[in-house]
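Structure record follows, encoded as structure tokens.
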Amino acid sequence: MILTTGLFAQCDTLRHNNTWFDGWISCEETASPNATRGDGHWILYDLGQPFELFELHAWNMNAPDILDYGLQNVIVDISTDGEVWSEFAEVTIPQATGDPLYSGSELLDFDSAHAQYVLITAVDNYGGDCYGLSEIRVRAHYICPDEKVQWIAGDGNWDVPENWCAKLIPTQFDDVIIPPGVKVTIPEDYTGHVWNITLEDNSWLEMQGDLIVHRND
């Protein structure tokens, strides 16, 4: 079964209140997690594990007396490991209204990109002394296919959890898929376990250690 996860800004509707403490405010520049961005005003979202990402909905700073804190032009970077970053888009977030029924804006579609981290860096705001954002919502799917544990990295070692969907190293009960074009290494002095394994086109296993396939038919 493919599980669907929504990261919701609020429980039942798209509305957001107009209080400043239900949001994020930055008044001092700090070093970005993405070194290429240098010092600035930024907010980092850690989804806990890699997901397949779709629409991002944003609510700008909605407190009536500090609407000018709201982010205007922003750069959106994504990463699967928090170290290697890809710039996904530069977009404009419309200024909020201050209305307690403010419903935010559909900002972009990640178009099935895979990421655990979403970094939003302010290029500018609407003229305020500080920078603010109320909330975001990202529609996301678990990457693991139907009841199978799938490799999600490039070339790498079998025993690294981050290389697998949901950060799950396969067990003797798991069907495993290695996607096309990657080399997966079973490290020396390590024994991997699977129920069954599928190597797709041009993928291969480098067997420095051992792999036990438990399927008995």
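The values are calculated or read from the model by the stated rules, or taken from the named source; none is laboratory data. Note that the structure is a prediction, hence the values are computed from the model and not measured. Counting neighbours? That spans all protein chains shown, and the Cβs are built from the backbone with ideal geometry, glycine included.
Of note:
- Hey, Val91 closer than 17 Å to Ala31 by Cα, outside any loop (DSSP other than H, G, I, E, B) and at pLDDT 95 or above or not: no
- Residue in the stretch 112-128 that is among the aliphatic types (A, V, I, L, M), surrounded by 21 or more Cβ atoms within 10 Å (Cβ to Cβ) and farther than 24 Å from Ser26 by Cα present: yes
- If the condition is being of a type outside the set (Val, Ile, Thr), surrounded by fewer than 15 Cβ atoms within 10 Å (Cβ to Cβ), within 20 Å of the chain's Cα centre (by Cα) and in a loop (DSSP other than H, G, I, E, B), then the stretch 135-173 contributes Pro145, Gly154, Leu168.
- Filtering the stretch 175-198 to residues that are closer than 24 Å to Asp81 by Cα and not hydroxyl-bearing (Ser, Thr, Tyr) leaves Val176, Ile177, Ile178, Pro179, Pro180, Gly181, Val182, Lys183, Val184, Ile186, Pro187, Gly192.
- Counting the residues of the stretch 17-44 that are farther than 18 Å from Gly128 by Cβ, surrounded by 15 or more Cβ atoms within 10 Å (Cβ to Cβ) and out of contact with any Gly (no Cβ under 8 Å at 6 or more places or on another chain) gives 4.
- Among the residues of the stretch 105-134, those identified as at pLDDT 95 or above and not in a strand (DSSP E or B) are Phe110, Val123, Asp124, Tyr126, Gly127, Gly128, Asp129, Cys130.
- The requirement of being assigned by TED's automatic domain parsing to the domain that holds Asn62 and in contact with a Gly (Cβ under 6 Å, 6 or more places away or on another chain) is not satisfied by Tyr131.
- Filtering the stretch 28-76 to residues that are closer than 19 Å to Leu107 by Cβ, touching a helix residue (DSSP H, G or I) at 6+ places or on another chain (Cβ under 9 Å) and in contact (Cβ under 8 Å) with a residue 60 or more places away in the chain leaves Asn60, Met61.
- For the stretch 174-199, a residue qualifies if it is assigned to a loop (DSSP other than H, G, I, E, B) and surrounded by 13 or more Cβ atoms within 10 Å (Cβ to Cβ), and the qualifying residues are Asp174, Pro179, Val182, Pro187, Tyr190, Trp195.
- Number of the condition not met by Val84 [criteria: (1) among the hydrophobic types (A, V, I, L, M, F, W, C); (2) in contact with a Phe, Trp or Tyr (Cβ under 7 Å, 6 or more places away or on another chain); (3) part of a loop (DSSP other than H, G, I, E, B)]: (2)
- Filter result (under 30 Å from Gln150 (Cα atoms) and in a strand (DSSP E or B)) within the stretch 22-42: none
- Among residues that are within 23 Å of Leu56 (Cα to Cα) and in the same structural domain as Gly181 (by TED's automatic domain parsing), Ile152 is included.
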